[in-house]
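For reference, the structure discussed in these notes is given below.
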Amino acid sequence: MTTETYRDTFGIPHLRATTATALAHAQGLITARDRAWQLEVERHRAQGTSASFLGAGALPWDTFARRARLEDTARRCFARLEEADPETAGWVRAYVEGVNEGLGVRGTGAHGPASPPPAQPPYPAPEFERVGLAPGPWSPWTPLAVWLSVHILFAGFPAKLWREEAIRHLGPDVVPLFATDGPATSGSNGWVLDGSRTVSGGALIAGDPHRFIEDPGIYQQLRLACDEFDVVGLAVPGVPGIAHFGHTGTVAWGITNAMADYQDLYKERLRRTGAGVEALGPDGVWRRVHRHTELVEVAGESPVEVEVLETARGPVIAGGPEGLDDATPLALSLRYPPRVTGELGFETLLKLLRARDVGDVDAALDTWCEPVNVVQAADTAGGTLHRVAGRVPIRAEANRVRLVPAWEPGHEWTGWHETPRAELTDGIAVMANQRGPARELGVEFAPAHRADRIRTLLQQREKWTPEEIGTIHMDTQLASAAPLLDRLAALKNLTPAAETLRNRLLRWNRHMDAASTDAASYAALRTEVVRALAAHPAFAALTTPPAYPDVLLPWLALVPRIGFALEHLLRAEELYGIDRDSVVRDALETVATRPAATWGDTHRLTPWRALPDDTYEPPPLSGDHDCVLCTSAIPGVTDRAARGPVARYVWDLADRSRSRWIVPHGAQLPLWLKGDLAPVVTDWTRLHKEQR
């Protein structure tokens, strides 16, 4: 098995092997060497065992992972993959064997046993010593479990809990008021220009995925080359291949979150019997459910026993026969496509690496499952693709909006939606989680601000170069500021300080730049308005949700919900009797008394780490949630940004070597902060060969 590892000046690995299987092994090996701690954390999170070394703070996630049966689902999906596509299953196994070799743990498979564990890990990360942990072995299904773990909350099924509570207390008209991308939503920008809109005559694809920014990052810049293919792209550490953003030389693709709804929550009626637990079905018959218990180890504390239940609908993720922890008589089961079908879509991954044109990408995506994405692709022959990929069940409209009763007929899944497609308009397609091709498949979408702004910027030039198009990533215009500023304009009889601030904000260019005092004042005003609305008696019933598992509570937090829906709430004809002008007036008077600051003073990058880093100094950021530069503060809670562009890319179909990419970590962080992009180096002679 001949493999070679090269690196560019940023340390980005470029891997070369003879076969796809050998290359998968090399990818696993280099990922283990570069990301050993991250892989160990993700493996434990997928298994529901992270509290064993991270402590009680990780227990809520571990409990959810066990109850949702993530690892068991991954096992099922891998078994199905072995039956349906043995070649891809073997390719995944090779990746796992590479991971195990890189971690220095035992593993067996097509390439024989890995080396015995060394006395010291070959590529130690300091975090292992901090928690007294050694890497553990990966199983063939672990990459699938990692993929599930990373994406199980991607579709935002917990938002149904919020809508259930909001409807219960405020009525069904509340749903459109709060129908926007919320505080825990993952999004992205993506746009494609065909050759008619570029200087070179070759298509350009660009974008940036928005997720919680983790350190190490969720995406790994990588090149995978063998006799069959040569692909650059962004891989997910722990998963073979390049799923979301890739360039094969003749075809390239990128994705955005389609905002589709493809997971359901069922209210279950459960009862204990001498034989176990039973659930009431839609046919009026009580049937025994799967039941077992598991022990979750917790560092420094006693193990916690978790009861795992699964009805015909799916695993019970909240409550049980005795209800929730606050005695609310409720149990909720989660139905999600891989648990139902035993398919996760990994058949797509190897096909994407082998793709030569948009037809190949299109065909590969037909086997995709989740998350449901909008895919944009283009090839060197002038072909383009703009489609939804993934599985969305056909079921009653109520299933998409709120909790539905498992014991009533009419809420069953009856098939799968055809995935919609769209065309480019004037040589351009833009996706930013708005109501695009997937409009009939979801409930909550992002406002059109980012998409409209990107299209407006693209229309300002007739033809673009890859260098020019990358500047769009950094645009900071905040169109969603309009409703609050409009209410400012109508205020009268203000104090002199408030009058001065109001006039300054009305002259503001509405760009959320880090150095801007106007942006800081606007954000402070927004925070005061959000907090005042959240404290109004009209919303009092929503301040204390039922005792759902901690993992789900961010979707039910009132202040962030109001913060992200603020423009809807301010524009509504009536808002539950709330005098919004008085709220805005009081907020303006409060902010007018404060000393001047800049947006970057409080809007700072705050990545998630499994272990805190007390030495980290968060850098200031431009942008905001509804800017193209989507560095998301949580209005009313914090100006700090834990979510934002976890990568940026520009794929050039005329000349792959003119492509660009960046991630917000290590030596690339200063470039990421400035909006610069690193070159994609494709000339092997410009790379440094590793000797191992």
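Rule-based calculations on the coordinates, nothing more; no lab input. If you're wondering where the values come from, they're calculated on a predicted model, not measured in any experiment. Don't worry about glycine lacking a Cβ; one is built from the backbone with ideal geometry, like all the others, and counts go over all protein chains shown.
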* **Percent of Cα pairs exceeding the 18 Å cut-off, where the set is region 446-561** => 67 percent
* Spacing of the two label points (7 Å from each Cα toward its C-beta) at Trp608 and Ala572, in nm -> 2.9 nm
* Full-extension gain in nm, Ser657 to Leu491, via 0.36 nm per residue minus C-alpha separation -> 54.3 nm
* What's the center-to-center distance, using Cα atoms, between region 2-36 and region 630-665 in Å? -> 24 Å
* Using 7 Å Cα-to-Cβ label points, what is the Leu673/Thr341 separation (nm, one decimal)? -> 4.4 nm
* **Label point distance in nm, Ala547-Arg435, each placed 7 Å from Cα along Cα→Cβ** => 4.0 nm
* To do: Rounded to the nearest 0.05, what FRET efficiency do Asp227 and Arg686 give with R0 = 25 Å and r taken as the Cβ-Cβ distance? Could you check?
  => 0.70
* **Eligible lysines near Lys267 by straight Cα distance, threshold 29 Å, same-chain separation 8 or greater** => Lys160
* Could you work out the Rg to Rh ratio of region 229-332, with Rh taken as the Kirkwood radius (inverse of the mean 1/r over all Cα pairs)? => 1.20
* **Cut-off 14 Å (backbone N to label point 7 Å along Cα→Cβ of Thr517), residues of region 579-603** => 592-601
* Structure fact -> Going from the fewest other Cβ atoms within 10 Å to the most, one would list Leu570, Leu170 as Leu170, Leu570
* **Zone of Arg168's modelled label, taken as backbone nitrogen in region 320-360 under 11 Å from a point 7 Å along Cα→Cβ** => 324, 328-331
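For region 476-644, count all C-alpha to C-alpha pairs, find those more than 24 Å apart, and express that count as a whole percent of the total.
For region 476-644, the share of Cα pairs beyond 24 Å comes to 38 percent.
Please order Ser622, Ser188, Ser52 by the number of other Cβ within 10 Å, starting at the fewest.
Ranking Ser622, Ser188, Ser52 by Cβ neighbours within 10 Å, fewest first, gives Ser52, Ser622, Ser188.
Which FRET efficiency, nearest 0.05, do Ala540 and Glu467 yield, Cβ-Cβ r, R0 60 Å?
0.65
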* Structure fact -> Loop-resident trypsin sites (Lys or Arg not before Pro) in region 300-380 with no more than 15 other Cβ atoms inside 10 Å, DSSP not H/G/I/E/B, are Arg354, Arg356
* Kirkwood hydrodynamic radius for the chain: how many Å is it when counted over pairs of different Cα atoms? -> 26.3 Å
* Asked: Across the chain, where is the longest run that never hits GluC sites (Glu not before Pro) in a DSSP loop with at most 10 other C-beta atoms within 10 Å?
  -> 1-417
* Find the relative contact order for the chain and round it to a whole percent, using C-alpha pairs within less than 8 Å whose residues are 6+ positions apart. => 17 percent
* Using alpha-carbon positions, what is the distance between the centroids of region 419-488 and region 228-296, in Å? -> 29 Å
* Which whole DSSP H helices in the chain pass both tests: a Cα extent of 24 Å or more along the axis and a mean Kyte-Doolittle value no lower than -0.5? -> 86-103, 517-534
* Rg/Rh for region 370-418, where both radii come from Cα atoms and Rh is the Kirkwood radius -> 1.22
